[in-house]
Amino acid sequence: MVIGIIPNIVQNDVTPNKVDPVIYLPFRQKPMAGVAVMARTRVAPGTLAMPFRREVQAIDSNMPVFNLWTMEERLERNYWFYRVMSALFGIFAGIALVLAAVGLYAVIAHSVSQRTQELGVRMAVGASAPDILRLIFVQGMRQLTIGLSLGLAGAFVVTRVLRTFLVQVSPADPTTLAFACSVLGLAAVMGCWIPARRAMRVDPVVALHHE
């Protein structure tokens with residue numbers, strides 16, 4: 001006889017891709033060596049350890065009571081592996097983002113500094129500072145756009161592989177992708193602006209002799 005049906009609950013796997021079928025049986029029909037009692041409280045759970053122990057032993061003084069945990073403690077104990085893995089992924093992702101930003105800045109800054117002679121020629125024939133900045137930024141942002149487009153395409157492919165490790169997070173998390181793109185975009189802007197400003201301070205005659 002079926003007493004009732006309950007909605008899906010997190011049983012053995014916190015990922016949404018796997019739902020184990022579970023049935024509840026009466027204790028008298030299938031006795032077990034130990035049972036777990038769960039209770040929702042309106043006060044701090046840590047203050048109810050002794051009252052719970054007292055009530056259980058009032059029913060049977062020979063019944064041992066142990067492992068009095070709050071729900072947070074229980075979840076942390078059961079799913080510590082996912083917590084560690086998510087922390088490691090976050091650390092490695094942060095390091096990779098910093099390295100990518102530094103590398104992007106270095107590459108763009110070096111390419112701009114290599115054009116000091118060209119910028120000197122442009123200033124010598126009448127190009128203004130806004131014209132030089134516009135030229136550098138247009139070319140730099142074009143390269144950045146191509147790189148981010150390829151990177152986002154690769155990210156969408158890789159996150160599909162990591163879908164099984166994600167819990168309540170979309171593989172194409174827009175906040176994370178927007179943050180990464182913003183950091184790389186800022187690095188590219190600084191890589192264009194700082195060398196360009198430095199080159200424009202150089203006298204055109206000196207810039208023409210720059211090697």
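Things to note:
- Selected residue (only one of 27, 66, 92 is exposed (fewer than 12 other Cβ atoms within 10 Å of the Cβ) and assigned by TED's automatic domain parsing to the domain that holds residue 186): 92
- Filter pass, residue 109 being hydrophobic (A, V, I, L, M, F, W, C), at pLDDT below 80 and buried (at least 16 other Cβ atoms within 10 Å of the Cβ): no
- Test: residue in the range 43-65 that is within 26 Å of the chain's Cα centre (by Cα) and of a type outside the set (Lys, Arg): no
- Pair list, Cβ under 7 Å, 6 or more apart: the range 150-168 residue modelled with pLDDT of 75 or more, other residue among the small types (Gly, Ala, Ser): 156/172; 159/172
- Of 115, 142, 134, all but one fail to be surrounded by 15 or more Cβ atoms within 10 Å (Cβ to Cβ) and over 12 Å from residue 191 (Cβ atoms); the exception is 115.
- Looking only at the range 118-131, residues that are in a helix (DSSP H, G or I) and surrounded by 13 or more Cβ atoms within 10 Å (Cβ to Cβ) come to 7 in all.
- Close pairs from the range 54-83: first on the phi > 0 side of the Ramachandran plot, partner assigned to a helix (DSSP H, G or I), Cβ under 7 Å, at least 6 apart: none
The values are calculated or read from the model by the stated rules, or taken from the named source; none is laboratory data. Here the structure is a predicted model, which means the values were calculated and not measured. Reconstructed Cβ throughout: ideal geometry from the backbone, glycine too, with neighbour counts over all protein chains shown.
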